[in-house]
Amino acid sequence: MVRAYTTDELLKVAQASKGFKGFPKGYWFIAIRGKSTALEFNDKIYWFEDETFIHVTTGTTHKGSKGTAVICSGIWNHDAYAPSDGKLVRHHKDKMRCLRQVAGIFYKRDGSDVVKNDIISVNYHANNYDLLSKIKRWLIGGWSEGCIVENDIPLYVETLDMVKDQKRISFVIAEET
């Protein structure tokens with residue numbers, strides 16, 4: 001599991017990442033990708049409003065057992081996600097409220113070192129379609145094909161409610177230090 005980071009450490013990592021243009025207005029997040037196996041929910045996702053820390057949750061930025069895309073670390077993805085409403089912005093697999101990818105995200109595919117920037121439907125979603133569930137999973141399994149997957153469903157629902165009126169959400173992933 002990723003160690004705890006201070007707000008100051010996280011803001012410095014965000015500032016040092018490629019494409020930093022100042023902290024986004026409103027809500028944004030930084031995900032810290034763990035060093036251990038890519039098949040476990042071992043990452044942490046830190047949510048901010050402007051430069052103020054809101055909360056941290058567990059999840060994964062790894063591709064899981066079925067995925068081929070891995071979102072790049074150290075590069076900002078500006079305005080990449082929009083909260084889904086099931087009408088104008090589709091839910092994840094048309095089943096679950098999510099943060100839907102609506103702009104290009106920097107990623108690598110199939111073990112390649114070539115960085116691409118496209119819309120490839122790598123969404124931010126929960127580890128279960130049942131948003132009333134309190135299940136926390138240990139292994140990613142098929143829950144990520146490159147998506148960012150949150151492992152704490154009650155906190156995930158709270159996050160979606162928190163960001164629901166924001167048009168776009170930016171983020172950056174950093175490697176654990």
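Table: residues versus (1) at pLDDT 95 or above; (2) in a loop (DSSP other than H, G, I, E, B).
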| position | (1), (2) |
| --- | --- |
| Leu10 | yes, no |
| Gln15 | yes, no |
| Lys21 | yes, yes |
| Ser36 | no, yes |
| Ile54 | yes, no |
| Thr58 | no, no |
| Ala82 | yes, no |
| Arg90 | no, yes |
| Ala103 | yes, yes |
Taking the residues in segment 1-52 that are of a type in the set (Lys, Arg) and under 20 Å from Val70 (Cβ atoms) as candidates, determine which candidate is surrounded by the most Cβ atoms within 10 Å (Cβ to Cβ). Lys44
Search result, residues across segment 144-161 that are of a type outside the set (Val, Ile, Thr) and either surrounded by fewer than 23 Cβ atoms within 10 Å (Cβ to Cβ) or assigned to a loop (DSSP other than H, G, I, E, B) (or both): Ser144, Glu145, Gly146, Cys147, Asn151, Asp152, Pro154, Leu155, Glu158, Leu160, Asp161
Can you work out which of the residues in segment 60-80 that are more than 22 Å from Lys12 (Cα to Cα) and either charged (D, E, K, R) or part of a strand (DSSP E or B) (or both) is modelled with the lowest pLDDT? Lys66
Can you pull out every residue in segment 79-101 that is surrounded by fewer than 17 Cβ atoms within 10 Å (Cβ to Cβ) and under 15 Å from the mean Cα position of the chain (by Cα)? Asp79
Some residue of segment 162-174 being surrounded by fewer than 18 Cβ atoms within 10 Å (Cβ to Cβ) and part of a helix (DSSP H, G or I): yes
When residues of segment 115-125 are limited to those that are of a type outside the set (Asp, Glu) and modelled with pLDDT of 95 or more, the one farthest from Arg168 (Cα to Cα): Val115
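The values are calculated or read from the model by the stated rules, or taken from the named source; none is laboratory data. Keep in mind that what you see is a predicted model, and the values were worked out from it rather than measured. Quick reminder, even Gly has a Cβ in these numbers, built from the backbone with ideal geometry, and neighbours come from all protein chains shown.
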